[in-house]
Amino acid sequence: MAGNPPAPLEKNLVRIVQGVRELFQGRSNAVGVVTLTENATTTDVAALNCGADSKVFLTPTTANAAAEVGAGGMYISAVASQQFTITHANNAQTDRTFHYVVLG
C-alpha cells in the first residue's frame, strides 16, 4: 500500500491533512503488483479497495508481461468486492508481472 489513510473516526487533524496531502501527491492504496499464475488461464487478485464497479488498469513490468499484452488475449474477466480476475494465456512463464491500479 502506498498511501497513509486516516482511520474512519480519526480526530487528529495532522493525520487527516497528511492523508489528503498524500492523495494530492499521487499516493493511494489503490495500487499493487501481480504476477500471472503459471500453467493456468486465470489469475485471481485480492485488492481490498476493489468494488464491483471498479476499473482495473495493468502496466507490464517485464518483457514477458509486455508480450502477454501484445498477444492480445489477456483481459480483466471479473471484478468484484475486494478482488478481480485476469484471464490470460496458459504457459509456464513465472515472470509475467504487472503493476495495477484499481479506481472507482
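Return one number: the angle in degrees, 0 to 90 and rounded to the nearest 10, between the long axis of the Cα atoms of helix 13-24 and the longest principal axis of the Cα atoms of the chain.
40 degrees
Relative to the compact-globule scaling 2.2 N^0.38 Å, provide the ratio for the alpha-carbon radius of gyration of the chain.
On the way: Rg = 16.1 Å, N = 104, 2.2 N^0.38 = 12.8 Å.
Taking N as the residue count of the chain, the ratio is 1.26.
Test of understanding: what is the full-extension gain from Thr37 to Leu23, defined as 0.36 nm times their sequence separation minus their Cα-Cα distance?
Working: separation 14, 0.36 × 14 = 5.04 nm, distance 3.15 nm.
Length gained, Thr37 through Leu23: 1.9 nm.
Please turn the phi angles of region 61-75 into ³J(HN,Hα) values with the Karplus equation 6.51 cos²θ - 1.76 cosθ + 1.60 (θ = phi - 60°), one per residue in order, whole Hz, x for glycine and proline.
Along region 61-75, the couplings run 10, 9, 4, 5, 5, 5, 5, 4, 5, x, 5, x, x, 9, 7 Hz.
What is the spin-label model distance, in nm, from Leu48 to Thr97 if the labels are put 7 Å beyond Cα along the C-beta direction?
Spacing of the two 7 Å Cα→Cβ label points: 2.2 nm.
Once every DSSP H run of n ≥ 4 in the chain is given -39500 (n - 2.57) and the sum is divided by its residues, what mean residue ellipticity at 222 nm do you get, rounded to the nearest 500 deg cm²/dmol?
Numbers: 2 runs with 21 residues, N = 104.
Theoretical 222 nm ellipticity from helices: -6000 deg cm²/dmol.
No lab work stands behind these numbers, since they all come straight from the coordinates. The structure displayed is predicted, hence computed values, not measured ones. Every residue, glycine among them, receives a Cβ derived from its backbone with ideal geometry; neighbour counts consider all protein chains shown.
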